[in-house]
1. For segment A:143-160, which residues satisfy the criterion of being farther than 30 Å from A:E86 by Cβ and in a helix (DSSP H, G or I)?
2. Scan segment A:57-77 for residues that are in contact with a strand residue (DSSP E or B) (Cβ under 9 Å, 6 or more places away or on another chain) and free of Cβ contacts under 8 Å to residues at least 60 places away in the same chain and report the count.
3. Could you tell me whether B:K140 is more than 7 Å from chain A (Cβ to nearest Cβ) and in a helix (DSSP H, G or I)?
4. Which condition does A:E137 not pass, out of (1) closer than 30 Å to B:I145 by Cβ; (2) surrounded by 15 or more Cβ atoms within 10 Å (Cβ to Cβ), if it passes all the others?
5. Looking at segment A:1-118, what helices (runs of 4 or more DSSP H) fall wholly within it and have at least 3 residues that are crowded, with 17+ Cβ neighbours inside 10 Å and more than 19 Å from the chain's Cα centre (by Cα)?
6. Would you mention how many residues in segment A:106-137 are more than 23 Å from B:A25 (Cβ to Cβ), of a type in the set (D, E, K, R) and at the interface with chain B (Cβ under 8 Å from one of its Cβ atoms)?
There are 2 protein chains.
Amino acid sequence: MTTQNEDTRWLNDEEQRTWLAYLHATMLLEDHLDRQLQRDAKMPHVYYGLLVQLSQAPHRRMRMTELARQAKITRSRLSHAVARLEQHGWARREDCPSDKRGQNAILTDEGYATLQQSAPGHVAAVRQAIFDRLTSEQQKSLGEIMRIIAEGLQPNEAGADLPWLR
Amino acid sequence: MTTQNEDTRWLNDEEQRTWLAYLHATMLLEDHLDRQLQRDAKMPHVYYGLLVQLSQAPHRRMRMTELARQAKITRSRLSHAVARLEQHGWARREDCPSDKRGQNAILTDEGYATLQQSAPGHVAAVRQAIFDRLTSEQQKSLGEIMRIIAEGLQPNEAGADLPWLR
C-alpha cells in the first residue's frame, strides 16, 4: 500500500515478512488444531480450551465472567459456547448462590471424560506443531514475546476495551 | 489434565506457560485488530487481509484458489468472504477466461480507496501491539519462529490437509 499519509510509519520489508509469517503461522495452527479436535473430540479448539479451564478450577467450576476473562473472549461468545457444551452434556450452568446476577459454568463428568480421551491427541498436535520444531532458546523466546504482546493488549486502565468486559 | 495414557508427552510447566501466552496473545491481537478494522473500515481482519492481497497482485486480480492459498483459509470461507466484499462494492468476481471452472477475484476502485483510508490505522495498531514492544532481536526471533511453525504446517506431500485444498 502507498498512500498520501506522510505520518504513517509503514512496516519495512523485514517487519512485513515477520508480520506475514505471524499471520500464516497463527491461521494455519488454529485450523490444524480445530481439525484435530473436531475429529477427535467433536468440538472446535475454543470450546476445548473452555473445558480445560474448567477442569483446572476448584470443583471444576468457574464464574462465567472469570471464564471469559481467562479465555480472552467476549461474554456473548462464551454464552454461546457454553450453551453448545451444555447441549453435548459436557458442561452445565447454574446460578451463583452468592450473587443473583452471576452464573457459574461447571464441567460435567462426561465433559471431563471427553477431555481425558482427547487430551493426548491435542497435546501431540501442539507439540508437533511448535515445541518439537523449536530449539529450547526459541521456545524461551516465544514465551517471552507472547507474554509481552499479551500484556500490552491488556492494559489495567479503566475503560480498556477488553473482550470479556463487553 | 492427568490421564492413564503413559505414552503422552505432556507439556512441562514452562511449555504450558509458553503455550498459554501464545493463546492469550493471538486471541487478544485478533480481537484488537478486528475491533479496530470494524470501527475504521467496517470489516473484520480476515476480509481486510484479502483486500491487501488483491491490492498487491498484478492488475489487482487473483485466482480464487491462489487467494485462498495465500490467505491460508478454506475455499468455502473465501467464497463467503468475497461475497460479502462484493456486497460492499470492494471486490468483484469474474470467470477466468483461460479456465472455465476458475474464477478471479478483483479489487475494485472503491475497495482500493477503502484500503488506503484504513491502512494507516491498521499499521499503527500492528506496530503498537507488536513492533513497538519488541527489541530488534525479539522481532528477528519472532519472524524465525513463525516461519518455522508455518512451514511445518504446510507439508509438501500429496494429500496434506491444507485449508485451501478443501
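All of the numbers you see were taken from the coordinates with simple rules; none came from a lab. Values in this document were obtained by computation on a predicted structure and should not be read as measured data. Here the Cβ is made from the backbone with ideal geometry for all residues, glycine too, and neighbour counts use every protein chain on show.
1. Answer for segment A:143-160, where residues must be farther than 30 Å from A:E86 by Cβ and in a helix (DSSP H, G or I): A:G143, A:E144, A:I145, A:M146, A:R147, A:I148, A:I149, A:E151, A:G152.
2. Total satisfying the criteria: 9.
3. So B:K140 fits the description; yes.
4. Condition (2) is where A:E137 drops out.
5. Filter on segment A:1-118 gives A:13-41.
6. 0
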